[in-house]
Amino acid sequence: MIQDASSSDQQAFVDAVDAWVQKALRPVARKFDLADEYPHEIVEQMKELGLFGATIGEEYGGLGLSAWTYAQIVLKVASVWMAPCGIFNSHLIMASAIERNGTEAQKREYLPRMATGTYRGSIGLTEPNAGSDLQAIRTVARLSGDHYVVNGAKTWITNSMHGDGTLLLVKTDPEAEPAHRGMSLLIADKGPGFHVVGKLKKLGYRAIDTCELTFQDYRVPRSKLLGGVEGKGFAQTAGGLELGRINVAARGAGIAEGALKLALRYAQEREAFGKPICQHQAIQLKLADMATQVEGAKLLIKRAATKYDRGERCDLEAAMAKLAGSEAGAACSQEAMRIFGGYSYSVEYEIERYYRDAMLMCIGEGTNEILRQVIAKQLVSRNRI
Ligand SMILES: Cc1cc2nc3c(=O)[nH]c(=O)nc-3n(C[C@H](O)[C@H](O)[C@H](O)COP(=O)(O)OP(=O)(O)OC[C@H]3O[C@@H](n4cnc5c(N)ncnc54)[C@H](O)[C@@H]3O)c2cc1C
């Protein structure tokens with residue numbers, strides 16, 4: 001259930017998350033990132049905070065937070081360290097798909113456990129040959145009695161090593177034309193035939209488990225077909241895009257805001273040619289552009305999220321927010337690197353992590369190239385002459 005985005009309870013939760021971010025997350029971010037080590041202690045703290053149930057409805061044991069409240073939480077976390085957002089974000093995308101599309105039995109079985117973080121999930125869409133073009137996936141699930149038998153491979157699946165299962169996009173009818181009519185989502189718990197091949201080594205977004213998966217005669221009970229009807233998987237996936245894009249927008253804007261804060265501080269501490277570098281006009285221009293990008297992105301996120309919370313169509317707004325937030329993250333982290341000069345290259349300073357983490361936001365939940373096309377098509381269709 002979506003509550004009033006401005007309710008004081010929700011604001012209190014944002015404040016509680018912010019306090020945790022400053023007290024518990026900030027001091028350990030660099031250690032886990034540089035060691036590329038899974039932050040188990042952070043996961044336990046996030047469970048206690050209730051983050052794994054943030055957007056799950058109260059009737060299923062979650063907090064039922066609005067999209068705007070959730071976006072503010074993501075902004076707070078990402079402004080210090082973006083990677084942990086992925087641990088609860090992919091999980092909540094799976095939960096939201098179950099809540100929107102699942103049978104009542106599926107909701108009762110999964111959502112209460114997901115709300116506490118006892119069961120942690122991921123999103124299994126991408127394959128080695130298919131990312132943007134999901135209709136080209138090759139993983140096939142064939143019905144045999146009361147089970148689907150799954151064969152295929154997925155890659156880049158975040159949360160899949162330490163999580164308990166994935167929402168798996170498969171072809172239940174590989175011959176269907178158009179292909180999306182033969183695609184389904186399975187709630188795939190780990191079990192025999194579900195193999196986590198290994199954790200991928202990444203430029204950024206480290207410490208988090210992003211893995212390759214293979215499925216060899218992996219059996220899933222028919223009751224785990226999301227919504228109970230075949231051929232709906234592509235539409236069910238697309239139905240989560242608006243919320244997913246608002247979340248990625250908030251991650252990008254959080255990175256941008258965090259990079260700006262670090263740069264603002266450094267520019268006042270560092271001196272060159274007899275004065276703090278913030279008094280050089282070249283640095284001032286950067287700070288001004290960065291701050292403007294951050295505030296612009298946050299306004300677009302708020303606009304998209306509040307439309308989402310009102311139940312209004314917001315595909316254009318969510319795409320704009322995602323584009324602006326992720327580009328702000330990439331641009332501001334790069335400008336902050338320039339402000340830090342040579343020290344930007346030292347792992348003693350945290351700005352290099354923001355720079356390494358930022359680009360992913362331009363790729364995930366629809367690449368920005370594709371999003372620009374979404375925006376342009378919407379503009380034309382809403383402004384036909
Ligand atoms: C760290 C990380 C974590 C991830 N986590 C997950 C996860 O948890 N679950 C999951 O399912 N996936 C995950 N992904 C995969 C991610 O969603 C894909 O990488 C993304 O969708 C892009 O797909 P691709 O990499 O195959 O690129 P491609 O689709 O091959 O695109 C390559 C380039 O071509 C461009 N392009 C492609 N088609 C078009 C078009 N029609 N018009 C214009 N340009 C186009 C793209 O914009 C891009 O520039 C993750 C990826 C990374 C790197």
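Read-outs: derived from the displayed coordinates by stated rules, not from any lab. Since the structure is predicted, the reported quantities are computational estimates derived from the model, not experimental observations. Cβ placement follows ideal geometry from the backbone for every residue including glycine, while neighbour counts extend to all protein chains displayed.
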Exercise for the section: Could you please let me know if L200 is buried (at least 21 other Cβ atoms within 10 Å of the Cβ) and within 14 Å of the ligand (Cβ to nearest atom)? Expected result: no
Fill in the blank from the handout: So, first residue among the aromatic types (F, W, Y) in the stretch 151-166, second residue part of a loop (DSSP other than H, G, I, E, B) and more than 7 Å from the ligand (Cβ to nearest atom), Cβ within less than 8 Å, six or more apart or across chains; the pairs are W156/L200
Practice task
For I385, state whether it is more than 16 Å from the ligand (Cβ to nearest atom), β-branched (V, I, T) and either touching a Ser or Thr at 6+ places or on another chain (Cβ under 8 Å) or in contact (Cβ under 8 Å) with a residue 24 or more places away in the chain (or both).
Solution key: no
Problem - Filter result for Y355 (within 16 Å of the ligand (Cβ to nearest atom), in a helix (DSSP H, G or I), among the aromatic types (F, W, Y) and surrounded by 14 or more Cβ atoms within 10 Å (Cβ to Cβ)) - result: yes
Exercise for the section: Could you please find all residues in the stretch 295-344 being over 19 Å from the mean Cα position of the chain (by Cα) and either of a type in the set (D, E, K, R) or outside any helix (DSSP H, G or I) (or both)? Expected result: E295, K307, R310, G311, E312, R313, E335, R338
Exercise for the section: For Q293, indicate whether it is of a type in the set (S, T, N, Q), free of Cβ contacts under 8 Å to residues at least 24 places away in the same chain and farther than 24 Å from S96 by Cα. Expected result: no
Practice task
Within the stretch 177-219, track down each residue that is on the phi < 0 side of the Ramachandran plot and touching a helix residue (DSSP H, G or I) at 6+ places or on another chain (Cβ under 6 Å).
Solution key: A179, H180, M183, S184, L185, L186, I187, L203, G204, R206, I208
Practice task
Could you please tell me which pairs satisfy a Cβ distance under 6 Å, a separation of 6+ or placement on different chains, a first residue in the stretch 109-131 that is over 16 Å from G57 (Cα atoms) and within 16 Å of the ligand (Cβ to nearest atom), and a second residue that is assigned to a helix (DSSP H, G or I) and of a type in the set (S, T, N, Q)?
Solution key: S122/S90; I123/S90
Exercise for the section: Counting only residues that are among the hydroxyl-bearing types (S, T, Y) and closer than 19 Å to K199 by Cα, give me the strands (runs of 3 or more DSSP E) lying completely in the stretch 118-167 with at least 1 of them. Expected result: 121-124, 147-158
Exercise for the section: Please find, within the stretch 240-271, the residue that is farthest from the chain's Cα centre (by Cα) out of those that are farther than 25 Å from L65 by Cβ and surrounded by 24 or more Cβ atoms within 10 Å (Cβ to Cβ). Expected result: A263
Fill in the blank from the handout: Picking from T292, T237, the residue that is assigned to a helix (DSSP H, G or I), closer than 30 Å to H147 by Cα and out of contact with any helix residue (DSSP H, G or I) (no Cβ under 6 Å at 6 or more places or on another chain) would be T237
Completion exercise
Here the qualifying pairs (Cβ atoms under 7 Å; residues six or more apart or on different chains; first in the stretch 358-373 and on the phi < 0 side of the Ramachandran plot and touching a residue at least 24 places away in the same chain (Cβ under 8 Å); second within 7 Å of the ligand (Cβ to nearest atom) and in a loop (DSSP other than H, G, I, E, B)) come out as L360/Y205; T367/S132; I370/S132
